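Q: One structure follows; several queries about it will come next.
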Amino acid sequence: MPVPIYKRIDYTDLKSVQIEDIDTMEGTDFEQYLNLLLIELGYPDAYKTGNSRDFGADIVFSDSTGIRNIIQAKRYHPVLQVSLDAVQQVYTARNYYQAKKAIVITSATFTDSCETLAGVNGVLLLDRNDLIEIIHSFQQSDYQRAKLILEREPRVIYRYWDDPQYVRNINKDKKLAKVAAELIGSKAAN
């Protein structure tokens, strides 16, 4: 897999940035690009958090309804997948930033476990195709379409634990807990 050569992007003309340009960005440049893109789309309070000690959020902004959102930005090679640590980071950062919504945006795709964890926790995942659609809408001056993608509701998994695979695991956990309780009880009696 060839590694794209890093190049700086001209941020004075955001409409000229293509997905191929993003593929050559460093992570902090991707965050900066997204921050400027949000401002251009009509989110004037968008700001990029510090590069260190960001507590799991790279960008903070208020959406069209005034709800505070946080974004974890992951600029990965297109063939790589973002794992569940991105969801863990942004989900735990919600309280720190007093945000109602958490979003992970990537230039790649997500692992199945990442999608599952995001679904159970209500984290919005925007993958490469979503990013391309946002960029295209922005370039066509269809800011409303770009905002609809950014502000859509996350895919939520409500009945995850009804899956027979997980019910078996829960039952195993219950059996282990019972055995552990019996062992603890017998040690306490001695």
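Q: Do the conditions hold for MET25, that is, is it modelled with pLDDT under 85 and within 23 Å of LEU80 (Cβ to Cβ)?
A: No, not satisfied.
Q: Condition first: of a type in the set (A, V, I, L, M, F, W, C) and in contact with a Leu (Cβ under 9 Å, 6 or more places away or on another chain). Can you find one or more residues in the stretch 52-64 that meet it?
A: Yes; the residues of the stretch 52-64 include at least one that is of a type in the set (A, V, I, L, M, F, W, C) and in contact with a Leu (Cβ under 9 Å, 6 or more places away or on another chain).
Q: Of the residues in the stretch 9-43, how many are surrounded by 19 or more Cβ atoms within 10 Å (Cβ to Cβ), over 14 Å from ALA146 (Cα atoms) and hydroxyl-bearing (Ser, Thr, Tyr)?
A: 1
Q: Could you pull out the residue among VAL123, VAL167 that is of a type outside the set (S, T, N, Q) and at pLDDT 95 or above?
A: VAL123
Q: Let me ask something additional. Just checking: which of the helices (runs of 4 or more DSSP H) contained wholly in the stretch 45-152 hold 1 or more residues that are open to solvent by less than 50 Å² (accessible area, probe 1.4 Å) and free of Cβ contacts under 8 Å to residues at least 24 places away in the same chain?
A: 128-139, 143-151
Q: Go through the stretch 38-74 residue by residue and tally those that are out of contact with any Lys or Arg (no Cβ under 7 Å at 6 or more places or on another chain) and closer than 13 Å to ILE103 by Cβ.
A: Residues flagged as out of contact with any Lys or Arg (no Cβ under 7 Å at 6 or more places or on another chain) and closer than 13 Å to ILE103 by Cβ within the stretch 38-74 amount to 11.
The values are calculated or read from the model by the stated rules, or taken from the named source; none is laboratory data. The shown structure was predicted, so the numbers you read here are calculated from the model rather than taken from an experiment. Please note: Cβ atoms are built from the backbone with ideal geometry, for glycine as well, and neighbour counts cover all protein chains shown. The protein model used for the area step is the full one, side chains on, heavy atoms only, and it has no ligands, DNA or RNA in it. Shrake-Rupley method; radii C 1.70, N 1.55, O 1.52, S 1.80 Å.
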